[in-house]
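Working notes for the structure below.
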Amino acid sequence: MAKGRMQLFGEKIFEEFKKCGITHIVWLPCFQLGFIYDVMMKQSEIELVPVCREGEGVAVAAGLALGGKKPIVLYQNTGIYESGDSMRMVTFELHVPLLIMLGYRGWKGTDSAGVVMEPTMDAWQVNYHVMKSVEDVGMISLADKEAQEARKPVAILVVGEEP
Amino acid sequence: MIESMDAVKVISEHRGEALIIAEMTPGTELPIVTTRPELDLPFNWAAMGKSSSVGLGLALARPDRKVFVMDGDGSLLNNLGILMTVGNAAPRNFVHFLFDNGVYRCTGGQRLPKVGGVDFSALALEAGYASIHKFSDVATLEKSIDSVISEAGPTFVHLKIVPGAGPNYPYVRVSDCVDAFREALAKS
(Lines give C-alpha, C1' and ligand atoms only; values in the text may rest on other atoms or scores of the structure.)
Protein backbone atom coordinates (compact mmCIF):
# COMPACT_ATOMS: atom_id res chain seq x y z
CA MET A 1 0.00 0.00 0.00
CA ALA A 2 1.32 3.46 -0.89
CA LYS A 3 2.36 5.69 1.98
CA GLY A 4 -0.07 8.41 2.95
CA ARG A 5 0.82 12.07 2.49
CA MET A 6 1.15 12.74 6.24
CA GLN A 7 3.18 9.58 6.86
CA LEU A 8 5.68 10.69 4.24
CA PHE A 9 5.74 14.20 5.75
CA GLY A 10 6.50 12.71 9.17
CA GLU A 11 9.29 10.51 7.85
CA LYS A 12 10.90 13.40 5.98
CA ILE A 13 10.81 15.57 9.10
CA PHE A 14 12.49 12.79 11.02
CA GLU A 15 15.18 12.40 8.37
CA GLU A 16 15.84 16.10 8.75
CA PHE A 17 16.15 15.72 12.55
CA LYS A 18 18.81 13.07 12.01
CA LYS A 19 20.61 15.23 9.46
CA CYS A 20 20.77 18.02 12.06
CA GLY A 21 22.22 15.62 14.65
CA ILE A 22 19.26 15.82 17.03
CA THR A 23 19.99 13.60 20.04
CA HIS A 24 16.86 14.07 22.21
CA ILE A 25 13.21 14.91 21.65
CA VAL A 26 11.61 16.61 24.65
CA TRP A 27 7.88 16.32 24.12
CA LEU A 28 4.25 16.54 25.08
CA PRO A 29 1.39 15.13 23.02
CA CYS A 30 -0.01 17.25 20.20
CA PHE A 31 -2.84 16.46 17.82
CA GLN A 32 -1.32 18.44 14.95
CA LEU A 33 2.04 16.67 15.28
CA GLY A 34 0.51 13.19 15.55
CA PHE A 35 1.96 12.22 12.18
CA ILE A 36 5.49 12.94 13.51
CA TYR A 37 4.82 11.08 16.75
CA ASP A 38 3.82 7.98 14.78
CA VAL A 39 7.36 7.93 13.36
CA MET A 40 8.98 9.00 16.63
CA MET A 41 7.51 6.14 18.64
CA LYS A 42 8.78 3.52 16.22
CA GLN A 43 12.44 4.60 16.25
CA SER A 44 15.26 4.28 18.77
CA GLU A 45 18.01 6.51 17.36
CA ILE A 46 16.83 9.69 19.08
CA GLU A 47 16.13 9.56 22.83
CA LEU A 48 12.68 10.62 24.00
CA VAL A 49 12.15 12.72 27.13
CA PRO A 50 8.47 13.12 28.01
CA VAL A 51 7.67 16.04 30.32
CA CYS A 52 4.62 17.28 32.23
CA ARG A 53 4.44 20.88 30.97
CA GLU A 54 5.92 22.96 28.22
CA GLY A 55 7.97 25.40 30.29
CA GLU A 56 9.50 22.52 32.18
CA GLY A 57 10.48 20.90 28.89
CA VAL A 58 12.13 24.02 27.48
CA ALA A 59 14.31 24.11 30.60
CA VAL A 60 15.12 20.36 30.37
CA ALA A 61 16.14 20.92 26.75
CA ALA A 62 18.32 23.86 27.83
CA GLY A 63 20.11 21.58 30.29
CA LEU A 64 20.63 18.95 27.60
CA ALA A 65 22.09 21.59 25.28
CA LEU A 66 24.39 22.96 27.99
CA GLY A 67 25.58 19.40 28.55
CA GLY A 68 26.61 19.07 24.90
CA LYS A 69 23.54 17.35 23.42
CA LYS A 70 21.26 18.61 20.69
CA PRO A 71 17.61 18.49 21.70
CA ILE A 72 14.45 19.59 19.94
CA VAL A 73 11.18 20.26 21.77
CA LEU A 74 7.90 19.11 20.24
CA TYR A 75 4.66 20.61 21.56
CA GLN A 76 1.30 21.93 20.56
CA ASN A 77 1.12 25.73 20.43
CA THR A 78 -1.79 25.65 22.90
CA GLY A 79 0.65 24.72 25.66
CA ILE A 80 3.64 26.81 24.68
CA TYR A 81 2.14 29.97 26.20
CA GLU A 82 2.86 28.49 29.63
CA SER A 83 6.58 28.50 28.88
CA GLY A 84 7.19 32.27 28.81
CA ASP A 85 9.52 32.34 31.81
CA SER A 86 11.58 29.43 30.44
CA MET A 87 11.83 31.08 27.03
CA ARG A 88 13.07 34.26 28.69
CA MET A 89 15.63 32.27 30.68
CA VAL A 90 16.92 30.31 27.67
CA THR A 91 17.04 33.36 25.39
CA PHE A 92 18.35 36.07 27.66
CA GLU A 93 20.17 34.28 30.50
CA LEU A 94 21.56 31.00 29.17
CA HIS A 95 21.96 31.91 25.47
CA VAL A 96 21.23 28.36 24.40
CA PRO A 97 20.54 27.44 20.76
CA LEU A 98 17.31 25.47 20.73
CA LEU A 99 14.94 24.12 18.09
CA ILE A 100 11.25 24.24 18.99
CA MET A 101 8.67 22.52 16.82
CA LEU A 102 5.05 23.40 17.47
CA GLY A 103 1.81 22.10 16.09
CA TYR A 104 0.14 25.24 14.78
CA ARG A 105 -3.40 24.72 16.02
CA GLY A 106 -5.83 27.31 14.68
CA TRP A 107 -3.37 28.66 12.14
CA LYS A 108 -6.20 29.95 9.98
CA GLY A 109 -7.34 32.07 12.89
CA THR A 110 -10.01 29.54 13.78
CA ASP A 111 -9.23 29.57 17.51
CA SER A 112 -7.39 31.67 20.07
CA ALA A 113 -4.31 29.40 20.10
CA GLY A 114 -3.71 30.37 16.49
CA VAL A 115 -4.66 34.02 16.76
CA VAL A 116 -2.03 34.83 19.40
CA MET A 117 0.69 32.46 18.16
CA GLU A 118 2.84 34.66 15.95
CA PRO A 119 2.43 37.83 18.08
CA THR A 120 3.60 35.78 21.10
CA MET A 121 6.71 34.56 19.28
CA ASP A 122 7.41 38.17 18.28
CA ALA A 123 6.99 39.34 21.88
CA TRP A 124 9.38 36.64 23.12
CA GLN A 125 11.85 37.61 20.38
CA VAL A 126 11.80 34.04 19.06
CA ASN A 127 12.20 33.79 15.28
CA TYR A 128 9.85 31.31 13.61
CA HIS A 129 9.09 29.63 10.32
CA VAL A 130 5.76 28.18 9.19
CA MET A 131 5.98 24.69 7.68
CA LYS A 132 3.02 23.66 5.56
CA SER A 133 4.09 20.66 3.51
CA VAL A 134 6.76 18.09 2.83
CA GLU A 135 8.44 20.53 0.44
CA ASP A 136 9.24 22.76 3.44
CA VAL A 137 11.23 20.25 5.55
CA GLY A 138 14.53 21.97 4.65
CA MET A 139 13.35 24.71 7.04
CA ILE A 140 14.45 22.50 9.93
CA SER A 141 18.13 22.65 8.92
CA LEU A 142 17.84 26.38 8.25
CA ALA A 143 16.22 26.99 11.63
CA ASP A 144 18.92 24.90 13.29
CA LYS A 145 21.67 26.96 11.66
CA GLU A 146 19.90 30.14 12.70
CA ALA A 147 19.56 28.93 16.32
CA GLN A 148 23.21 27.89 16.51
CA GLU A 149 24.43 31.20 15.12
CA ALA A 150 22.17 33.35 17.29
CA ARG A 151 22.50 31.09 20.38
CA LYS A 152 18.77 31.35 21.01
CA PRO A 153 15.56 29.41 20.35
CA VAL A 154 14.08 29.27 16.85
CA ALA A 155 10.59 27.85 16.31
CA ILE A 156 9.06 25.89 13.45
CA LEU A 157 5.27 26.13 13.41
CA VAL A 158 3.86 23.06 11.70
CA VAL A 159 0.51 23.21 9.97
CA GLY A 160 -0.49 19.59 10.41
CA GLU A 161 -3.76 17.83 10.99
CA GLU A 162 -6.65 19.89 12.30
CA PRO A 163 -9.00 18.13 14.78
CA MET B 1 16.09 23.32 61.72
CA ILE B 2 19.00 24.23 59.47
CA GLU B 3 20.19 27.69 58.42
CA SER B 4 20.06 27.79 54.63
CA MET B 5 23.62 29.07 54.28
CA ASP B 6 24.92 26.22 56.51
CA ALA B 7 23.29 23.63 54.24
CA VAL B 8 24.67 25.29 51.10
CA LYS B 9 28.14 25.27 52.66
CA VAL B 10 28.01 21.59 53.65
CA ILE B 11 26.78 20.52 50.21
CA SER B 12 29.40 22.62 48.44
CA GLU B 13 32.22 21.29 50.61
CA HIS B 14 31.27 17.68 49.88
CA ARG B 15 30.45 18.09 46.18
CA GLY B 16 33.67 16.81 44.62
CA GLU B 17 33.23 17.38 40.87
CA ALA B 18 29.44 17.68 41.00
CA LEU B 19 27.66 20.38 38.99
CA ILE B 20 25.39 22.55 41.17
CA ILE B 21 22.28 24.23 39.80
CA ALA B 22 20.78 26.46 42.51
CA GLU B 23 17.64 28.55 42.72
CA MET B 24 16.33 31.46 44.78
CA THR B 25 17.74 31.56 48.37
CA PRO B 26 20.43 28.86 47.91
CA GLY B 27 21.10 30.43 44.50
CA THR B 28 22.03 33.71 46.19
CA GLU B 29 24.10 31.95 48.87
CA LEU B 30 26.07 29.52 46.69
CA PRO B 31 28.34 32.14 45.04
CA ILE B 32 29.50 33.24 48.53
CA VAL B 33 30.64 29.81 49.76
CA THR B 34 31.17 27.73 46.64
CA THR B 35 34.29 25.62 46.25
CA ARG B 36 33.95 25.34 42.42
CA PRO B 37 32.34 28.45 40.92
CA GLU B 38 33.00 27.28 37.37
CA LEU B 39 30.74 24.25 37.98
CA ASP B 40 27.82 26.32 39.33
CA LEU B 41 24.72 27.81 37.76
CA PRO B 42 23.23 30.12 40.43
CA PHE B 43 19.82 31.05 39.07
CA ASN B 44 18.68 33.39 41.83
CA TRP B 45 15.49 34.91 40.43
CA ALA B 46 15.97 33.88 36.81
CA ALA B 47 14.42 30.42 36.65
CA MET B 48 10.94 30.52 38.26
CA GLY B 49 11.28 26.93 39.49
CA LYS B 50 12.99 25.58 36.39
CA SER B 51 16.50 25.09 37.81
CA SER B 52 15.49 21.50 38.61
CA SER B 53 14.53 21.03 34.94
CA VAL B 54 17.84 22.44 33.72
CA GLY B 55 19.56 20.10 36.20
CA LEU B 56 17.63 17.12 34.86
CA GLY B 57 18.67 17.98 31.29
CA LEU B 58 22.31 18.20 32.39
CA ALA B 59 22.06 14.90 34.25
CA LEU B 60 20.68 13.18 31.13
CA ALA B 61 23.32 14.79 28.90
CA ARG B 62 26.21 13.94 31.22
CA PRO B 63 25.56 10.65 33.02
CA ASP B 64 29.26 10.63 33.95
CA ARG B 65 28.78 13.68 36.22
CA LYS B 66 26.84 14.09 39.45
CA VAL B 67 24.30 16.89 39.19
CA PHE B 68 23.04 18.58 42.37
CA VAL B 69 19.96 20.81 42.31
CA MET B 70 19.36 23.20 45.22
CA ASP B 71 15.64 23.92 45.00
CA GLY B 72 13.31 25.96 47.17
CA ASP B 73 9.88 24.77 48.29
CA GLY B 74 8.26 27.78 46.60
CA SER B 75 10.29 27.03 43.48
CA LEU B 76 9.24 23.39 43.52
CA LEU B 77 5.60 24.48 43.72
CA ASN B 78 6.27 26.57 40.58
CA ASN B 79 7.29 23.39 38.77
CA LEU B 80 5.78 20.44 40.63
CA GLY B 81 5.54 18.25 37.52
CA ILE B 82 9.34 17.96 37.55
CA LEU B 83 9.05 15.31 40.27
CA MET B 84 7.16 13.02 37.87
CA THR B 85 9.49 13.84 34.98
CA VAL B 86 12.54 12.98 37.09
CA GLY B 87 10.90 9.80 38.38
CA ASN B 88 10.19 8.73 34.82
CA ALA B 89 13.64 9.62 33.44
CA ALA B 90 15.33 8.09 36.52
CA PRO B 91 18.83 9.60 36.18
CA ARG B 92 21.15 7.79 38.59
CA ASN B 93 23.41 10.86 38.87
CA PHE B 94 20.73 13.35 39.99
CA VAL B 95 20.51 14.65 43.57
CA HIS B 96 17.63 17.01 44.32
CA PHE B 97 18.09 19.05 47.52
CA LEU B 98 14.88 20.73 48.67
CA PHE B 99 15.29 23.77 50.94
CA ASP B 100 11.92 23.67 52.71
CA ASN B 101 11.35 26.81 54.78
CA GLY B 102 7.63 27.24 54.16
CA VAL B 103 8.00 30.79 52.85
CA TYR B 104 9.04 32.85 49.83
CA ARG B 105 12.22 34.05 51.48
CA CYS B 106 13.69 36.06 48.58
CA THR B 107 10.62 38.29 48.39
CA GLY B 108 10.33 38.98 52.10
CA GLY B 109 9.12 35.77 53.74
CA GLN B 110 5.49 35.47 52.58
CA ARG B 111 3.85 32.14 53.47
CA LEU B 112 3.47 29.49 50.73
CA PRO B 113 -0.03 28.53 49.59
CA LYS B 114 0.49 25.08 51.05
CA VAL B 115 -1.39 23.44 53.90
CA GLY B 116 1.09 22.42 56.61
CA GLY B 117 0.60 18.69 56.15
CA VAL B 118 1.85 18.46 52.57
CA ASP B 119 4.95 16.26 52.56
CA PHE B 120 7.32 16.91 49.66
CA SER B 121 9.32 13.77 50.50
CA ALA B 122 6.20 11.66 50.11
CA LEU B 123 5.49 13.29 46.74
CA ALA B 124 9.03 12.55 45.56
CA LEU B 125 8.76 8.95 46.73
CA GLU B 126 5.45 8.46 44.92
CA ALA B 127 6.92 10.11 41.82
CA GLY B 128 9.62 7.44 41.63
CA TYR B 129 12.78 8.89 43.21
CA ALA B 130 15.05 6.00 44.16
CA SER B 131 15.85 7.28 47.63
CA ILE B 132 14.57 9.93 50.02
CA HIS B 133 16.38 11.53 52.95
CA LYS B 134 15.18 14.12 55.44
CA PHE B 135 17.41 16.30 57.64
CA SER B 136 16.50 18.90 60.22
CA ASP B 137 19.92 19.56 61.79
CA VAL B 138 23.17 20.45 60.11
CA ALA B 139 25.37 18.06 62.14
CA THR B 140 23.42 15.02 60.91
CA LEU B 141 23.44 16.37 57.36
CA GLU B 142 27.22 16.77 57.47
CA LYS B 143 27.70 13.29 58.91
CA SER B 144 25.49 11.63 56.30
CA ILE B 145 26.07 13.60 53.13
CA ASP B 146 28.90 11.56 51.61
CA SER B 147 26.83 8.41 51.83
CA VAL B 148 23.67 10.13 50.54
CA ILE B 149 25.30 11.62 47.43
CA SER B 150 27.06 8.39 46.55
CA GLU B 151 23.80 6.45 46.22
CA ALA B 152 22.30 5.63 42.83
CA GLY B 153 19.67 8.29 42.19
CA PRO B 154 17.47 10.01 41.57
CA THR B 155 17.88 11.04 45.19
CA PHE B 156 15.67 13.52 47.05
CA VAL B 157 17.16 15.28 50.08
CA HIS B 158 14.55 17.17 52.07
CA LEU B 159 16.10 19.86 54.28
CA LYS B 160 14.02 21.58 56.95
CA ILE B 161 15.25 25.18 56.77
CA VAL B 162 14.76 28.04 59.22
CA PRO B 163 11.99 30.31 57.87
CA GLY B 164 12.33 34.07 57.69
CA ALA B 165 13.16 36.84 55.27
CA GLY B 166 16.93 36.36 55.38
CA PRO B 167 19.66 38.78 54.33
CA ASN B 168 19.90 40.19 50.81
CA TYR B 169 23.09 38.93 49.24
CA PRO B 170 24.62 40.50 46.13
CA TYR B 171 22.84 39.40 42.97
CA VAL B 172 24.96 37.18 40.74
CA ARG B 173 23.41 36.91 37.29
CA VAL B 174 23.42 33.41 35.80
CA SER B 175 24.19 34.84 32.36
CA ASP B 176 27.54 35.98 33.77
CA CYS B 177 28.34 32.39 34.85
CA VAL B 178 27.07 30.32 31.93
CA ASP B 179 30.05 30.65 29.57
CA ALA B 180 32.57 29.56 32.23
CA PHE B 181 30.23 26.69 33.16
CA ARG B 182 29.89 25.56 29.55
CA GLU B 183 33.65 25.74 29.06
CA ALA B 184 34.45 23.82 32.27
CA LEU B 185 31.93 21.14 31.35
CA ALA B 186 33.28 20.76 27.82
CA LYS B 187 36.81 20.25 29.19
CA SER B 188 35.94 17.55 31.70
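The values are calculated or read from the model by the stated rules, or taken from the named source; none is laboratory data. Everything numeric in this text was worked out from a predicted model, so none of it was measured. Note that we place each Cβ from the backbone using ideal geometry, even for glycine, and neighbour counts take in every protein chain shown. Heavy atoms of the whole protein, side chains included, go into the accessibility calculation; ligands, DNA and RNA do not. Shrake-Rupley method; radii C 1.70, N 1.55, O 1.52, S 1.80 Å.
Structure above, values below:
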{"read-out": "Search result, residues across the range B:1-24 that are small (Gly, Ala, Ser) and open to solvent by less than 10 Å² (accessible area, probe 1.4 Å)", "value": "B:SER4, B:ALA7, B:SER12, B:ALA18, B:ALA22"}
{"read-out": "Residues being over 13 Å from B:GLY128 (Cβ atoms) and among the aliphatic types (A, V, I, L, M) - total across the range B:74-118", "value": "9"}
{"read-out": "Residue in the range B:89-105 that is surrounded by the fewest Cβ atoms within 10 Å (Cβ to Cβ), counting only those that are more than 9 Å from chain A (Cβ to nearest Cβ) and aliphatic (A, V, I, L, M)", "value": "B:ALA90"}
{"read-out": "Selection from the range B:1-54 of residues that are of a type in the set (D, E, K, R) and outside any helix (DSSP H, G or I)", "value": "B:GLU3, B:ARG15, B:GLU17, B:GLU23, B:ARG36, B:ASP40, B:LYS50"}
{"read-out": "Which numbered condition B:PRO37 misses (of (1) more than 14 Å from chain A (Cβ to nearest Cβ); (2) open to solvent by less than 10 Å² (accessible area, probe 1.4 Å))", "value": "(2)"}
{"read-out": "Residue check, B:GLY27 farther than 19 Å from B:ILE149 by Cα, surrounded by fewer than 20 Cβ atoms within 10 Å (Cβ to Cβ) and at pLDDT below 95", "value": "no"}
{"read-out": "The range B:71-88, residues that are open to solvent by 40 Å² or more (accessible area, probe 1.4 Å) and within 23 Å of B:ALA18 (Cβ to Cβ)", "value": "B:ASN88"}
{"read-out": "Helices (runs of 4 or more DSSP H) lying entirely in the range A:95-163 (those with 1 or more residues that are under 11 Å from the mean Cα position of the chain (by Cα))", "value": "A:139-150"}
{"read-out": "Residues located in the range B:60-70, provided they are open to solvent by 10 Å² or more (accessible area, probe 1.4 Å) and assigned to a helix (DSSP H, G or I)", "value": "B:LEU60"}
{"read-out": "Selection status of B:TYR129, in contact (Cβ under 8 Å) with a residue 40 or more places away in the chain, open to solvent by 40 Å² or more (accessible area, probe 1.4 Å) and either in contact with a Cys (Cβ under 6 Å, 6 or more places away or on another chain) or assigned to a loop (DSSP other than H, G, I, E, B) (or both)", "value": "no"}
{"read-out": "From A:VAL158, A:VAL116, A:VAL126, A:VAL130, residue being free of Cβ contacts under 8 Å to residues at least 60 places away in the same chain and open to solvent by less than 10 Å² (accessible area, probe 1.4 Å)", "value": "A:VAL126"}
{"read-out": "Qualifying residues in the range B:65-88 (those that are within 11 Å of chain A (Cβ to nearest Cβ) and of a type in the set (S, T, N, Q)) - the one farthest from B:LEU159 (Cα to Cα)", "value": "B:ASN88"}
{"read-out": "Complete set of residues in the range A:95-112 that are more than 20 Å from A:ASP144 (Cα to Cα) and open to solvent by 10 Å² or more (accessible area, probe 1.4 Å)", "value": "A:ARG105, A:TRP107, A:LYS108, A:GLY109, A:THR110, A:ASP111, A:SER112"}
{"read-out": "Given (1) part of a helix (DSSP H, G or I); (2) touching a Pro at 6+ places or on another chain (Cβ under 7 Å); (3) surrounded by 24 or more Cβ atoms within 10 Å (Cβ to Cβ), number of the condition B:GLY57 does not satisfy", "value": "(2)"}
{"read-out": "Hey, B:LYS134 surrounded by 13 or more Cβ atoms within 10 Å (Cβ to Cβ), in contact with a helix residue (DSSP H, G or I) (Cβ under 6 Å, 6 or more places away or on another chain) and either in a helix (DSSP H, G or I) or in contact (Cβ under 8 Å) with a residue 12 or more places away in the chain (or both) or not", "value": "yes"}
{"read-out": "Looking only at the range B:139-188, and only at residues there that are part of a helix (DSSP H, G or I) and of a type in the set (Lys, Arg), the one that is least open to solvent (accessible area, probe 1.4 Å)", "value": "B:ARG182"}
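Condition check ((1) touching a strand residue (DSSP E or B) at 6+ places or on another chain (Cβ under 8 Å); (2) within 14 Å of chain A (Cβ to nearest Cβ); (3) under 21 Å from B:LEU123 (Cβ atoms)) across all residues:
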{"residue": "B:PHE156", "(1), (2), (3)": "yes, no, yes"}
{"residue": "B:LYS160", "(1), (2), (3)": "yes, no, yes"}
{"residue": "B:GLY164", "(1), (2), (3)": "yes, no, no"}
{"residue": "B:PRO170", "(1), (2), (3)": "no, no, no"}
{"residue": "B:ARG173", "(1), (2), (3)": "no, yes, no"}
{"residue": "B:ALA180", "(1), (2), (3)": "no, yes, no"}
{"residue": "B:LEU185", "(1), (2), (3)": "yes, yes, no"}
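So that you can scan it fast, the table gives a plain yes or no per residue for (1) more than 14 Å from chain B (Cβ to nearest Cβ); (2) among the polar types (S, T, N, Q):
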site	(1), (2)
A:PHE17	yes, no
A:CYS20	yes, no
A:TRP27	no, no
A:TYR37	yes, no
A:VAL58	no, no
A:GLY68	no, no
A:SER86	no, yes
